[in-house]
1. Can you give the extra length, in nm with one decimal, that the chain gains between Arg136 and Val151 once fully stretched, where that is 0.36 nm per residue apart less the Cα-Cα distance?
2. Output the Cα-based Rg and Dmax of the stretch 188-341 in Å, rounding Rg to one decimal and Dmax to a whole number.
3. Within the P(r) computed for the chain, what percentage of the Cα pairs occupies the region above 33 Å?
4. As a footprinting exposure proxy, order His199, His9, His109 by other Cβ within 10 Å, with the fewest listed first.
5. Could you work out the helix-only [θ] at 222 nm for the chain, with each DSSP H run of four or more residues adding -39,500 (n - 2.57) and the total divided by the number of residues, to the nearest 500 deg cm²/dmol?
6. Which FRET efficiency value, to the nearest 0.05, is calculated for Glu298 and Ala172 with the Förster distance at 30 angstrom and r the Cβ-Cβ distance?
7. If one computes the Cα centroid of the stretch 149-226 and of the stretch 107-130, what distance in Å separates the two points?
8. Between Ala195 and Ala344, what is the label-point separation in nm under the 7 Å Cα-to-beta-carbon projection?
Amino acid sequence: MEPSVGLVHDYLLVMRGAERVFAAMAGAWPGAPVYTTLYDAHGTQERFVGRDVRTSPLQRLGSRQASFRHLLPLYPWAVGRLDVREHDVVLSSSSAFAHGVRPREDAVHLCYCHSPFRYAWHERETALGEVGAAARPALRGVLAAIRRWDVRASVRVDRYVANSQLGRRRIAEAWGRDAVVIPPPVEIERFAIGAAQEHVLVVGELVAHKRIDTILEAARRAGVTVRVVGEGPERARWATRFPEASFLGRLDDRALAAEYACARALVIANLEEFGITAVEAQAAGRPVVAPRAGGTGETVLDGTTGVLLDEVSVDTLAQALRYTDFDRMDSPAARRNAERFSVAAFQTALRREVGSLTGA
C-alpha cells in the first residue's frame, strides 16, 4: 500500500517563488491534501482549486497578503493546529513556520526549507528597522519567542532539504542540522526569448531586505530606466523617491513573462538563498546582474548569462549597468542554463529523497 502523504506550506496567498515550488511539490503528489495557515484561491491564481485544501483557524479572520504580517505572533500556534496525523509522510515547504507542523510519532517528516524565518534569524535587525521605535521592544520579544519555538520545531523534522548551499549553511547555523541540496523548480515553458528594449527589470516583493532602492539609485546614476514588478510595504515610499521608475504592481504569469522577454537585464541586489527570478530571466534569454554570493552565484554564468558582483552597492551596480554590453550575452545559452532547473528534475529529485527516507 502506498503511504499516505500530506503537503504543508506556510501560507498560500500569492504565487511567488516559494508558492511555485510548493505547486511543483503538489504536482508530484496530486492526490495529497494541502495544509496551510491561510489560503486565497484568487491570490494563488487558482493553482490549488480542486485540491483538498485544509486551513488553520486563522482562515476565519479573512486575512490576505496585505495584512497577513499582522498575525506574526499567531503562526506557530496556527501551524500546530494543522492536523496531519493521518499521514505516513508529511512534506512541508517552509520559509517560516510550516516545518513546525506536528506529524504523528511514527510518520516521516521531510521539510523543503527555502530559508529559516529570515526576520527571526539572519535579518532580525531589518525587521526591527521596519517598525517604529515604540513597537520595537514588543517585536523583539515576539522574534525571540519565535526563535525558541523554531529550534524546538526543527528537532521534529526527520530530514531537511535546502534550495542552495547558502540555504544549507543557514539551516546549520540556525538549527545545527545538515541538509541535502535540491535546487527549486522553474516553470521554464512559461518563458520565451524576445527582443530586448532599453530598460532593466526588477522583480520581487517591495520590502526593505530586497534592497530595491539600491538598484533604483544605481539606475538613476547610470541613466538607465527601470521597470519594477511587485507589491509590498515600501512601494509608496520608493515610488515617491524614484518617480522616473515604473512600478507595475503584481502581474499575472503571462504579463510577467512578457516583461522578462523585453528587458535589457534583470537586476538583483540582495543575497538570495536561490533566486528563482534569476532563472526565470535566463529562461527568457535575458542576462542577470546579481551578487556572486548566495544562490545567484550557483545559477548565473558570469560573463555568459549575466554579471556577478563581488560587492553589491550603488556604485558597483551603476558601473555594471553603465558599462556592460548586454547585447553580447548569449540568449540561447541563458535558456539552456535555465533548463537545468526544470519542474521535472525537481520532482524526480524530491521523490528520490522521500523514497530514501521511507524505503519505498
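Derivation of every value follows stated rules applied to the coordinates shown; laboratory data play no part. Keep in mind the model is a prediction, meaning the values are calculated, not measured. Glycine also receives a Cβ, built like all others from the backbone with ideal geometry; neighbour counts cover every protein chain displayed.
1. Gain on extension, Arg136 to Val151, equals 3.1 nm.
2. 13.8, 39
3. When all Cα pairs of the chain are counted, 28 percent exceed 33 Å.
4. Listed from fewest to most nearby Cβ atoms, that is His199, His109, His9.
5. -10500 deg cm²/dmol
6. The calculated FRET efficiency here is 0.95.
7. About 13 Å separates the Cα centre of the stretch 149-226 from the one of the stretch 107-130.
8. A separation of 3.2 nm, rounded to one decimal place.
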